[in-house]
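Below: one structure, written as structure tokens.
The values are calculated or read from the model by the stated rules, or taken from the named source; none is laboratory data. Just so it is clear, the model here is predicted, and its values are computed rather than measured. Cβ atoms come from the backbone with ideal geometry, glycine included; neighbour counts cover every protein chain shown. For the accessible areas, the whole protein counts, side chains as well, though only heavy atoms, and no ligand, DNA or RNA atoms are used. Shrake-Rupley method; radii C 1.70, N 1.55, O 1.52, S 1.80 Å.
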Amino acid sequence: MKLSELVSLYDCKVYTKDLFQDLEFKYAFCADLMSDALMILNSVQDDTILKETILITGLTTNQSIRTAEMLDVRVVLLVRGKIPSLKVVDLAIESNIILLSTEHTMFNISGLLYEDGIRGITYNHL
Amino acid sequence: MIQKEYQIIAKNYDLAGRASSDIKRTLVALDFPKSLIKRVCAASYEAEINTVIHSFGGYATFFLDDEKIVLEFYDDGPGIHDLDLAMTEGYSTATELDHKNGFGAGMGLPNIKRSSDHLEIHSSIDGTHLIIIFFLES
């Protein structure tokens, strides 16, 4: 799925317009606890998967951006229409992270994306 | 050889991750393998967040030479009460405020251990000192 399709299908707001690239993504991971995101996504052996992964979260703090940056995940999607503060948007721009938000809840957007063929990340026990 | 030092402020979630972000940018600029950068960043970020949420504040150092990368985290206490419990996946003493900021899943130290080649923890009520080493392949 292209990011532009995600934006138009689910009426996403783009907070980092200057960074926007029409990336293709195939995977998504949901977490509000960033330690979970770090553990699961760090267990992925194939780096190309993370490049095609978006992080779906309700966490509107700097930490969702920092976590995405650490993991080489390029896109953070905020749920439930949450509005990030300017400092979070600034950090996203500085960290080259595309920051989006949707009015859908985490469960609903996950289900919709799954129907669209987007798949989750599985913990790879090392 | 590169050496850097970063201040870490307790309970400051806005700045939490700044040191790890700089370490990542340093390693990316030096063209290290992505898999190594990912491991270093995961350990560094978890240790930095641990210092922010659990300690009275401290600092981190980054050291790089031809053989290894060494991250060290020093804080001013109150120390890890039970190290075995702290190394248990899922165990956490984090507060509601920490959870609201996305942390406290109880995966910090286990993630650091998993990501690194060597982890040494010295802890007392006066503070905790973490030594995290990654050996570079020649």
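Please state, as a whole number in µm²/s, the translational diffusion coefficient that the Stokes-Einstein equation yields for the protein assembly as shown at 37 °C and 0.692 mPa s, with Rh defined as the Kirkwood radius across alpha carbon pairs.
175 µm²/s
Once amide H atoms are placed 1.01 Å from N in the peptide plane, what residues at a sequence separation of 5 or more from A:Cys30, or on another chain, have their amide H within under 5 Å of its amide H?
Those lying under 5 Å, H to H, from A:Cys30 are A:Ile56.
Per the 1.4 Å probe, what fraction of the accessible area of chain A, in percent, lies on carbon and sulfur atoms?
So the carbon and sulfur contribution to the accessible surface is 52 percent.
Across all directions of projection, what mean area in square nanometres is found for the Cα convex hull of the stretch A:1-93?
It is 5.4 nm².
If I model a spin label at B:Phe63 and B:Glu5 as a point 7 Å from the Cα along the Cα→Cβ vector, what separation in nanometres do I get?
Those two pseudo-labels are separated by 1.3 nm.
Add +1 for every Lys or Arg and -1 for every Asp or Glu among the other residues with Cβ under 12 Å from the Cβ of B:Leu136, and state the total.
Neighbourhood net charge equals -3.
Quick one: in the stretch A:51-126, what % of C-alpha pairs are over 22 Å apart?
23 percent
Once you have all Cα-Cα distances for the stretch B:49-100, histogram them in 5 Å bins from zero and send the whole-percent values.
Using 5 Å bins, I get a P(r) of 4, 15, 22, 20, 19, 10, 7, 2, 0 for the stretch B:49-100.
Taking the Cα-to-Cβ direction at B:Arg25 and at A:Glu103 and moving 7 Å from each Cα, how far apart do the two end points lie in nm?
3.8 nm
Amide H neighbours of B:Tyr91 under 5 Å, at least 5 residues apart or on other chains, H built in the peptide plane: list them.
none
Tell me the net charge near B:Ile8. Cut-off is 9 Å between Cβ atoms, B:Ile8 excluded, with +1 for each Lys or Arg and -1 for each Asp or Glu.
Within the 9 Å Cβ shell, the charges total -1.
For chain B, set up a GNM with springs between Cα atoms under 10 Å and report which of B:Ser44, B:Ser21, B:Ser115 has the largest fluctuation.
B:Ser21
Per residue, how big is the convex hull of chain B when only Cα atoms are used? Give it in Å³.
97 Å³
Given a Förster radius of 22 Å and the C-beta distance between B:Leu15 and B:Ile125 as r, what FRET efficiency does 1/(1 + (r/R0)^6) yield to the nearest 0.05?
About 0.30, to the nearest 0.05.
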